[in-house]
Structure formats: C-alpha cells, structure tokens
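Presented below is the structure to which this report refers.
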Amino acid sequence: MTNILMLLQLLCTYPMFDRQFLSVLEKHLNGNKSGWFVGDSPTIADLRVHQFTSWMLAGLLDGVPADCMDAYPLLKAQHDKIEALPAVAAFRAKYGKQYSTFDYTP
C-alpha cells in the first residue's frame, strides 16, 4: 500500500497528464486483480485516483483529449466501478455529473 500512496501523493502535487503515471496505475490494477488499488474493496486510494481520472475523462483539461484514457482500460473500469457504488450513484442522481462543464449560471 505504501507504493500506491506515494504515487498518489505525486499525483496530488503533479496533476498534469503524464502517461508514465497512468501506466504505473494501470500496472498496479493489473497486479491486484480485484479492480481496486488495495485489497478487495474501495479505499481512499481508489477515490483519489477516481478524482484524477474524472478530470482526464471529462476532456476539460487544456491539451488533454477526452480519449486519453482509451489506452488504460483497467483505469477506466476502476473509474466506472466507483461511479457504480450505490452512494456515488445516488449522489450523481441528485447532483449530476461532476466536471461535465465549466458553464456557470448564478
């Protein structure tokens, strides 16, 4: 768990698109086989990566195309698993999808 937490700390301080980080995350998911980063259920590590992958998949970051995650099927699947959790699905149903637009109407 220490390695994934160190990697997540790097992502927190270096949130730019970097294929090396995505490759390391993909490899870690492949090694765990549960679809989660640590153990057999979601942890804070999964939630942190979910935030990062949400930014990537939204296509709202300058210079980062929405299809940038296509080369990382396990990361996309992990993102979808978080979105399918009952609490997350209920939140999305009530408040909508985060990062879908930067449009603001007061």
Checklist entry - Going by the alpha-carbon gyration tensor, a ≥ b ≥ c the square roots of its eigenvalues, is the range 29-91 rounded (a/c under 1.5) or, if a/c is not under 1.5, prolate (a/b greater than b/c) versus oblate? => result oblate
Item to check | Nitroxide proxy distance, nm - points 7 Å out along Cα→Cβ at residue 47 and residue 64 | outcome: 2.0 nm
Checklist entry - Fewest first, what order do 41, 23 take by the number of other Cβ atoms within 10 Å? => result 41, 23
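Here, each number is a calculation from the coordinates, and none is a lab measurement. This one's a predicted model, so the numbers in the text were calculated from it and none came from an experiment. Positions of Cβ are generated from backbone atoms using ideal geometry, with glycine treated the same way; all protein chains shown enter the neighbour counts.
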